[in-house]
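A.B. asks: Quick one: this structure, given as structure tokens, is what I'll be asking you about.
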Amino acid sequence: MPEPTHDKTVIDIAVPVLNEERSLERNVRALARFLGTRCPHDWLITVVDNGSDDATWALATAMAESVPRVRAVRLDRRGRGAALKAAWSSSDADVLAYMDVDLSTDLEALPRLVEPVIAGLADISVGSRLAKGSRVQRSLRREVVSRAYNLIARAALGYGVRDAQCGFKALSREVAQKLVPEVADDGWFFDTELLALAHHHGFTIKEVAVSWVEDTDSRVRIAKTAVEDLRGLWRLRRDGAHNRDGAGDPSRPAAQLEGVAARAQARWEPKEPAEAGPAEFDSYALHYERAVDQAISFTGRGSDFFAQRKAELLEALSRRHLGDLSRLRVLDVGCGTGTLCRHLAGRAGQLHGADISKQMLDIARASVEGAEFHWYDGEVLPFEDASFDVVVTVCALHHVPTPRRAHFVAELHRVARTGGLVAVFEHNPFNPLTRWAVRSCDMDKGVVLVRGRQAAALLTSAGASVLGRTNFLFTPLGGQLGSKLDRALAWLPLGGQYVVTARAEHASPSPASQPGTRRAVAAGQPGT
């Protein structure tokens, strides 16, 4: 990890965890990578395990030994408030912060969170999902509960904070030393009580807009937490914490804060050229599948279900045109975090994935066994000509700028052997629910969807022989019934998605196209 130029300020970011063995290492390493390449200050990550009964603590201690600037703290009791008290009371950093282990909040908001505290223009900085400019993806239920609770809290406590419960906060060590010992709650109400006491003592609270994606695997029990929070509000109101008796200035000049935010963003720019591909795809890596799940939640199914349907269809197409998939060498181009590869790993003879986002590939490697993953520059696939029996790309073509699509498809064809299969899966622009889902997904903002005949024309131009188009996902039904319906309606171009399949056909071998060589290609880089 590269060492940025540090000043003397030290930031300690606490990450409370409870039974997070599946995501702990991946997300903490992602946070460390972000800080190591972006943060202009010294920093530390404190993982606080408060009562896990899975492998979380073992993973936390292993990371503390192997990852620089990561330490681990263990509590025998549960509660986010207890975890933060333990982490902050044992730290001598200048700025104390915390964020949820699921990294629901986009890390790009971190400079805006900590810099006002470092500059002395805010005593506490709070991420807000309800601030102007925030982008939030969460269920209607959580949206309603959150807004209702925050309205009640503001009315009861008299502070101006719009979102007390977002797991993204920072404060100076001096303020923490004053406030944390006074906070009675050790659970989820800790956040609200901390802000209420800050308001009570006259400290300055700054809210910053965030991009936030709901963790569908969250440990929060909404109904139980809401009841406990209401009891906490009653207690603070009873004890007079809603009365402001501090002499602090609650409103520093907005122009100063905006100036700090602008300078902070410049200071936190990457310290080295990006190696992981287009920044927008790296920034989506941690939230990719969750964002897709949010966009298609109306179907009652998640991305994993639809990936399984594609894997089953690809296996059937391979059997029809080429043979048993278990005997074949398969490449998934634009594999992302390995959503499809997880279902192909047990079906394909040899499985490879390629993507332009190194961060997505890191996630794929951690979650898919029996596959090899490769980074490519969006220009030339890092494989010899005619390397694979089956080359597939799933909903990547619509991310490629229109002028670059012919080149992208030509690369798919190049690495497929003569007689091999090239399969292009895409969203069906004629399906209104598909268009709605695409509009709802941040990653798909502004994309131009690909019609089936356009995909077929691109394959033909690349030199492949189109075998046909199969429409599928007419219903979200699973099992044999859903598959039978798709097979019966495959001719109808109204399914949620389609796949165009083609047979790779190469000219007679020449020195420039023999296996073991790569074809020269024009400059330019598509985004997949």
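The values are calculated or read from the model by the stated rules, or taken from the named source; none is laboratory data. The structure presented is a predicted model; accordingly, all values stated were derived computationally and were not measured. Methodologically, a virtual Cβ is constructed for each residue, glycine included, from the backbone with ideal geometry; neighbour enumeration extends over all protein chains shown.
A.B. asks: If I filter region 395-404 for residues that are on the phi > 0 side of the Ramachandran plot and assigned to a loop (DSSP other than H, G, I, E, B), do I get at least one hit?
C.D. replies: yes
A.B. asks: If you go through region 447-454 one residue at a time, do you hit one that is at pLDDT below 85 and over 26 Å from Asp324 (Cα atoms)?
C.D. replies: We begin by selecting, within region 447-454, every residue at pLDDT below 85; these are 447.
Next cut, over 26 Å from Asp324 (Cα atoms) only: 447.
Within region 447-454 (the criterion being at pLDDT below 85 and over 26 Å from Asp324 (Cα atoms)), the answer is yes, since at least one residue qualifies.
A.B. asks: Before we move on, is Asp76 within 21 Å of Gln177 (Cα to Cα), in the same structural domain as Arg22 (by TED's automatic domain parsing) and more than 26 Å from the chain's Cα centre (by Cα)?
C.D. replies: Values: within 21 Å of Gln177 (Cα to Cα): no; in the same structural domain as Arg22 (by TED's automatic domain parsing): yes; more than 26 Å from the chain's Cα centre (by Cα): yes.
Judged against the criteria, Asp76 is not a match.
A.B. asks: Can you pull out every residue in region 345-384 that is surrounded by fewer than 20 Cβ atoms within 10 Å (Cβ to Cβ) and either assigned to a strand (DSSP E or B) or assigned by TED's automatic domain parsing to the domain that holds Arg29 (or both)?
C.D. replies: Gln350, Glu372, His374, Trp375
A.B. asks: Same structure again: Might you check whether a residue that is within 27 Å of Lys358 (Cα to Cα) and either more than 20 Å from the chain's Cα centre (by Cα) or assigned by TED's automatic domain parsing to the domain that holds Val175 (or both) occurs anywhere in region 80-91?
C.D. replies: Going residue by residue through region 80-91, those that are within 27 Å of Lys358 (Cα to Cα) are none.
Within region 80-91, none of the residues are within 27 Å of Lys358 (Cα to Cα) and either more than 20 Å from the chain's Cα centre (by Cα) or assigned by TED's automatic domain parsing to the domain that holds Val175 (or both).
A.B. asks: Looking for whichever is in contact with an Asp or Glu (Cβ under 9 Å, 6 or more places away or on another chain), surrounded by fewer than 18 Cβ atoms within 10 Å (Cβ to Cβ) and within 24 Å of Ala291 (Cβ to Cβ) here; the options are Thr402, Thr475. Which one fits? Steps first, answer last, please.
C.D. replies: Numbers: Thr402 fails: in contact with an Asp or Glu (Cβ under 9 Å, 6 or more places away or on another chain).
Result: Thr475 is the single residue among Thr402, Thr475 that is in contact with an Asp or Glu (Cβ under 9 Å, 6 or more places away or on another chain), surrounded by fewer than 18 Cβ atoms within 10 Å (Cβ to Cβ) and within 24 Å of Ala291 (Cβ to Cβ).
A.B. asks: Now a separate question. Failed condition for Ser303, given (1) touching a strand residue (DSSP E or B) at 6+ places or on another chain (Cβ under 6 Å); (2) on the phi < 0 side of the Ramachandran plot, with all others met?
C.D. replies: With respect to (1) touching a strand residue (DSSP E or B) at 6+ places or on another chain (Cβ under 6 Å); (2) on the phi < 0 side of the Ramachandran plot, Ser303 is out only on (1).
A.B. asks: How about region 64-83: which of its residues are surrounded by fewer than 19 Cβ atoms within 10 Å (Cβ to Cβ), part of a helix (DSSP H, G or I) and touching a residue at least 12 places away in the same chain (Cβ under 8 Å)?
C.D. replies: Hit for region 64-83 is Ala64, nothing else.
A.B. asks: Among the residues of region 181-213, which ones are surrounded by fewer than 23 Cβ atoms within 10 Å (Cβ to Cβ), under 28 Å from the mean Cα position of the chain (by Cα) and polar (S, T, N, Q)?
C.D. replies: Scanning region 181-213 gives a single hit, Ser211.
A.B. asks: From the list Arg435, Arg365, Arg439, Arg404, which one is free of Cβ contacts under 8 Å to residues at least 60 places away in the same chain and in contact with a Pro (Cβ under 7 Å, 6 or more places away or on another chain)?
C.D. replies: Details: Arg365 fails: in contact with a Pro (Cβ under 7 Å, 6 or more places away or on another chain); Arg439 fails: in contact with a Pro (Cβ under 7 Å, 6 or more places away or on another chain); Arg404 fails: free of Cβ contacts under 8 Å to residues at least 60 places away in the same chain.
Going through Arg435, Arg365, Arg439, Arg404 in turn, the sole match is Arg435.
A.B. asks: Quick check on region 84-112: of everything there that is part of a helix (DSSP H, G or I) and out of contact with any helix residue (DSSP H, G or I) (no Cβ under 9 Å at 6 or more places or on another chain), which residue is surrounded by the most Cβ atoms within 10 Å (Cβ to Cβ)?
C.D. replies: Our first condition is that a residue be part of a helix (DSSP H, G or I); within region 84-112, this holds for 84-89, 107-112.
Cutting the leftovers down to out of contact with any helix residue (DSSP H, G or I) (no Cβ under 9 Å at 6 or more places or on another chain) gives us 86-87, 109.
Details: Ala86: 20, Ala87: 24, Ala109: 19.
Filtering region 84-112 for residues that are part of a helix (DSSP H, G or I) and out of contact with any helix residue (DSSP H, G or I) (no Cβ under 9 Å at 6 or more places or on another chain), the one surrounded by the most Cβ atoms within 10 Å (Cβ to Cβ) comes out as Ala87.
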